[in-house]
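First the structure, in the form of structure tokens, and then the observations on it.
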Amino acid sequence: MLDLKVIRNTPDVVRKALADRQDDPGKVDRLLALDSEFRQLQVRIDGLREERNRASKTIGAIKTGKAEGDVAVLQEDMRKLGDELKTLEERQKEIELERMDPAGGVLFTIPNIPHETVPVGPDESANVEVRRWGTVPTFSFGVHSHDEVGEGLGMLDLARATKLAGARFVLQIGPLARLERALYNLMLDLHTQHGYTEVMPPAIANEETLTANGNLPKFKDQLFKLEEWPYYLIPTAEVPLTNIRRGEILDAAELPMRMTAFTPCFRSEAGAAGRDTKGIIRVHQFDKVELVKVVHPDSSYDELESMVNDAERILQTLGLPYRVVALSTGDLGFNAAKTYDIEVWFPSQNKYREISSCSNCTDFQARRGQTRFREDGQIRFPHTLNGSGLAVGRCLAAILENYQREDGSVALPEALHPYMGGLTELRRA
RNA sequence: GGAGAGGUGGCCGAGCGGCUUAAGGCAACGGUUUGCUAAACCGUCGUAGGGGCUCUACCUCUACCGGGGGUUCGAAUCCCCCCCUCUCCGCCA
């Protein structure tokens, strides 16, 4: 959420941000109207409470013989005042819900303000490619999609995954199952070597946690909920990691916090029917190594650049060609002020596909979760960043495609050999 | 799952309808003293939202004692519901 004071003081900035995002700038004016009414009520309510507090104190003094007066008259007056107060309080509560309620208040429908360096544009067509790395491989034979390669090896069985759970689930067997483990071990090893603290969080989160992260209530239909429980399967480790210090005031010396975590991720993929139905690109359960930083506001954009580099390093280590794209205002996520996507090359689709998304959420998430830090007596909100480092399943799919050979076997990148117990290729048994 | 005991400021801990404006202590910060350190002494010392104003200051009000509701002129204190922690029992990877 944005700072209400920022919206009051610089409404034009927020209106422009909404317009750039193809959102409704009128939200600002609706919010300001509610805010004004709320504050007027606040003044009257506080005045009445003050009067009541005084009178109650007087009644107490009279009863203990420290003052003179008619208790009955005062009590009757305060009863009437109490009725009036109750009416005003109920009114204010209604306005408060419209203004600030996480489940639908106007403030919570206003997205983060894009950074000045974000390209302005209506949708993904306005995204800007920042750089490319690696050489796109050429094949002297007809390339196969990753699922064809995996099934050809006898190590990927999507039909039986469907029997076990349903469509959009994955079953890997033998060396391909081990490849999954090898990949996330490699990722965690590299990230921890570069200053990230490894974290193993719960894969289930409660409503408060998901609300603070912005997944609830807006994206409820993207989540798997546990029946009979107020719990959800996490859609990403970003959810628990950004909530670890929720509601706390940190010491400035604790910043920056850099964390990495491997978790399964669960997404309903509601609304994605028909998209990426083939293969394991878009599934209900996938593994991901996540990067999260909680940093001082002054350094957050530098931290974003280094986070992207940290994610890129994985692809470089694996020798997978990719490009980095800066998202435009129209494509930016709700929480993000700036986002880079990393897209890896998929030969069978003849295009780059997203394998990581790294965002600076500035103070937007921290404010929502009331994560703060104290510096020179001042209390401020830190900036939070999150990025995939990387999506393991998509990484595995990219290896199957980019390293496939004509005979159906797949070479393994050298960096993985130690993680595969010396195995240098995948070959049908 | 059953029985009991608890949740009060950064921490410890008193308070159990009005002398609380949440005592006292520890820690922290500023100062005095000191050759240095320590000690002692003095002061400051929660968060949030309003209002005033001569607007980085200052004055002032309100809310918050796990969360939510209720009783009352008045609730940390009484009542109801929920959450969490601890101890014991049961079950269990």
Fill in the blank from the handout: Whole-percent tail of the Cα-Cα distance distribution for chain A, cut at 39 Å, equals 32
Completion exercise
When the charge dipole of chain A is computed with +1 on Lys and Arg Cβ and -1 on Asp and Glu Cβ about the Cα centre, the Cα farthest towards its positive end, among A:V410, A:Q40, A:S356, belongs to A:Q40
Handout entry: Whole-percent carbon and sulfur share, accessible surface of chain A, 1.4 Å
Key = 49
Practice task
Can you run the Rg to Rh ratio on region A:4-109? Use alpha carbon positions and the Kirkwood inverse-distance Rh.
Solution key: 1.25
Handout entry: Using θ = phi - 60° and Karplus 6.51 cos²θ - 1.76 cosθ + 1.60, couplings along region A:253-264 (whole Hz; Gly, Pro as x)
Key = 5, 6, 8, x, 9, 10, 10, 9, 8, 9, 8, x
Handout entry: GluC sites (Glu not before Pro) restricted to region A:397-429 and DSSP loop, no more than 14 other C-beta within 10 Å
Key = A:E406
Problem - HN-Hα J in Hz across region A:109-126 - Karplus 6.51, -1.76, 1.60, θ = phi - 60°, x for Gly and Pro - result: 9, 9, x, 5, 7, x, 5, 4, 8, 6, x, 8, x, x, 6, 5, 5, 9
Handout entry: Helix-derived mean residue ellipticity, 222 nm - over chain A, DSSP H n ≥ 4, -39500 (n - 2.57), to 500
Key = -12500 deg cm²/dmol
Exercise for the section: Report, in debye and to the nearest 20, how large the dipole of chain A comes out about its Cα centre when Lys and Arg carry +1 and Asp and Glu carry -1 on their Cβ. Expected result: 400
Problem - Protection-proxy order for peptides A:296-304, A:390-398, each taking the mean of Cβ atoms within 10 Å per residue, highest first - result: A:390-398, A:296-304
Handout entry: Length added when fully stretched, A:D83-A:N206, from 0.36 nm per residue minus Cα-Cα
Key = 40.5 nm
Practice task
Compute the accessible area per residue over region A:1-92, keeping the other protein chains in place, probe 1.4 Å, unit Å².
Solution key: 63
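The values are calculated or read from the model by the stated rules, or taken from the named source; none is laboratory data. Quick caveat, the model's predicted, so the values are computed rather than measured. When we count neighbours, we look across all protein chains shown, and the Cβ atoms used for this are built from the backbone with ideal geometry, even at glycine. Only protein heavy atoms, including side chains, enter the accessible area calculation; ligands, DNA and RNA are left aside. Shrake-Rupley method; radii C 1.70, N 1.55, O 1.52, S 1.80 Å.
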